[in-house]
Amino acid sequence: MIQIPKEVYQDFLRFALENANPLKKSRYWRECIGLILGRIDGESIIVTDIIPIGSGSSVFVDISDYEKVFSLISFDRIDQGEVIVGWAHTHPGLGLFFSGTDIGTQITYQSMHPLAFGLVLDPTKVNPFSPGFNLYRVDSSTSRPYTVDFHFTEEFNYLSIYQQLTQELFDVTIPISEMVPELKAVNMVTWKNITLTLEKPSSVQKNTPFPIKLTLKMSRSQFFRVSYKLRIYNAKMSSMQDFDDSNEYFHETFDSGTLAIFSIVSDNPNQIYFQLEHMRVTDYRQKYYDSPALGIEVVSNE
Ligand SMILES: [Zn+2]
């Protein structure tokens, strides 16, 4: 049996989320890789640490690179019985599986130690019932990967750790309160217990960019992902964060999440119309709800 302490999981999840911030568009996400240290006692392994090695658009790291990494592990740790028990990498938004490359890497690890395992983490798969990762080994005769059982050394709530970390990272990367001060709700639409709120500054000027914030709120606390297609009438996007030409957006968040902050410009900023052509909200059980076409009118009575 493989035992994993909560802190080790938390640190690797943090590394994964730093490289695949759920508040950024997925095209900015990067995969990352680490080495797993632990102590082996007969058939059981206690994981002691995951050492981050690197991140990038592809996590293929040639085994020769590891020589450099192995040298980072201090001799003190080796004296205390810690050895490399496996490797960890992320598949942000891609799901939990072992690719062909992963199988090759894993075979190399197993040739060093037959109990070595590979951990694959997809931070988008964290939910109340799953920490968002699997452990794998490869069958030496068929070269097929199979999952390996593990347990945590203590019980904890996976989702609340995820929430805590994303909130911390969110605070570091996008200080919204500083970026867009004094927004007030100007309109709200509700559909199937889901509320969309649009906020803008209390006073705006013609032909001068101003921010609009779109927030989605679920009726009860839960993890969900949402994709939507948005049109704006009577205004143009002036500059935007994480928006592309297709106007099809994707987001993952909790019960209340900022979906987007647009900067828009209009010659009639007190009469703007947003239309959500479609919106799909998927919960952690993969159950989804499609919205009807929703119109949100931004009218200021100034
Ligand atoms: Zn992989």
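Things to note:
- Rounded to the nearest 20 debye, dipole of the range 2-171 from Cβ charges on Lys, Arg, Asp, Glu: 620 debye
- Spin-label pair Ile103-Met188: with each label point 7 Å from Cα along the Cα-Cβ axis, the two points sit 5.4 nm from one another.
- Qualifying lysines (Cα of each under 29 Å from Cα of Lys192; at least 8 residues distant if same chain): Lys24, Lys25, Lys125, Lys184, Lys200, Lys213, Lys217, Lys229, Lys287
We did not get these values from a lab; they are worked out from the coordinates using the rules stated. Remember, predicted model here, so these are calculated numbers, not experimental data. So basically every Cβ, Gly included, is an ideal-geometry build from the backbone, and we count neighbours across all protein chains shown.
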